[in-house]
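The values are calculated or read from the model by the stated rules, or taken from the named source; none is laboratory data. Predicted model only: the values in this text are computed from it and were never measured. Counting neighbours? That spans all protein chains shown, and the Cβs are built from the backbone with ideal geometry, glycine included. Side chains included, ligands, DNA and RNA excluded: accessible areas come from the protein's heavy atoms. Shrake-Rupley method; radii C 1.70, N 1.55, O 1.52, S 1.80 Å.
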Amino acid sequence: SQKIEQNSEALNIQEGKTATLTCNYTNYSPAYLQWYRQDPGRGPVFLLLIRENEKEKRKERLKVTFDTTLKQSLFHITASQPADSATYLCALEMGGGADGLTFGKGTHLIIQP
Amino acid sequence: DAGVTQSPTHLIKTRGQHVTLRCSPISGHKSVSWYQQVLGQGPQFIFQYYEKEERGRGNFPDRFSARQFPNYSSELNVNALLLGDSALYLCASSQTRTGGNTEAFFGQGTRLTVV
């Protein structure tokens with residue numbers, strides 16, 4: 001079955017710096033990959049979707065890359081702010097004809113003032 | 001516009017009991033998915049319904065069941081509750097079938113505690 005790995009350790013970044021989060025996957029070749037933000041006690045909020053034929057996608061201070069050869073996606077937040085502190089989840093389509101998403105465990109990002 | 005609404009927000013049940021969780025999707029959305037999220041983990045897919053038909057099922061026991069109504073709202077039922085069922089249950093809606101190419105809108109979740 002497919003497996004998604006995200007750095008489960010908290011990532012501490014100084015305000016103003018670029019935060020880079022990693023999502024690695026195995027046993028699958030997804031056509032799409034998504035990133036979500038989740039705050040404590042809340043549901044995930046969609047941020048970006050990238051397709052396999054797109055190397056990079058940007059939205060304001062956010063940038064996502066998708067390397068299907070390395071089976072890896074990188075999620076960047078530039079000019080990071082304390083309000084960016086949250087857990088960031090990587091998600092792939094389940095595949096195999098089933099609908100639904102498979103999520104990684106998420107990376108807890110802490111932006112320190 | 002109202003987002004995805006779930007009820008109740010919190011629930012405490014005893015082992016062996018049954019629970020029903022409810023979800024109202026965003027107006028116009030025909031797809032509803034259910035996820036279970038235990039502390040420290042990402043959401044895990046339980047079911048997906050589109051146009052009132054089950055379109056996907058995750059690796060959960062038969063104690064878990066769901067249905068979608070003509071107005072596209074949905075219920076998740078869990079029988080014979082176990083302590084391990086304690087989790088945040090999330091409902092997500094989307095305009096089309098929730099594949100990887102579709103943005104999912106999540107509700108705030110129902111926090112279920114089994115004692």
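Here are a few things to note about the model shown:
- For B:R22, the shell of other residues with beta-carbons less than 13 Å away shows a net charge of 0, using +1 for Lys and Arg and -1 for Asp and Glu.
- FRET E, pair B:V115, B:R57, Förster distance 30 Å, beta-carbon r, rounded to 0.05: 0.60
- Count Lys and Arg as plus one, Asp and Glu as minus one, and take only other residues whose Cβ is under 9 Å from that of A:V45; the net charge is then +1.
- Just so you know, the averaged projected area of the alpha carbon convex hull for the stretch A:3-112 sits at 6.7 nm².
- When B:L81, A:L70 are compared by accessible area of protein heavy atoms, the largest-first order is A:L70, B:L81, using a 1.4 Å probe.
- Computed about its Cα centre, the charge dipole of the protein assembly as shown is approximately 180 debye, with only Lys, Arg, Asp and Glu carrying charge at their Cβ.
- Exceeding the 18 Å Cα-Cα cut-off - candidates A:K3/A:K71; A:K17/A:K71; A:K105/B:K30: A:K17/A:K71; A:K105/B:K30
- Placing R0 at 41 angstrom, the Cβ-Cβ distance between A:A31 and A:Q112 gives a FRET efficiency of 0.65 after rounding to 0.05.
- Rg followed by Dmax, in Å, when the stretch B:5-114 is reduced to its Cα trace: 13.0, 39
- Computed on the Cα trace of the protein assembly as shown, the radius of gyration divided by the Kirkwood hydrodynamic radius gives Rg/Rh = 0.97.
- Between B:S27 and B:N101, residue separation times 0.36 nm minus the direct Cα-Cα distance comes to 24.6 nm.
- Cα gyration tensor shape of the stretch A:1-48, rounded if a/c is under 1.5, else prolate or oblate by comparing a/b with b/c: prolate
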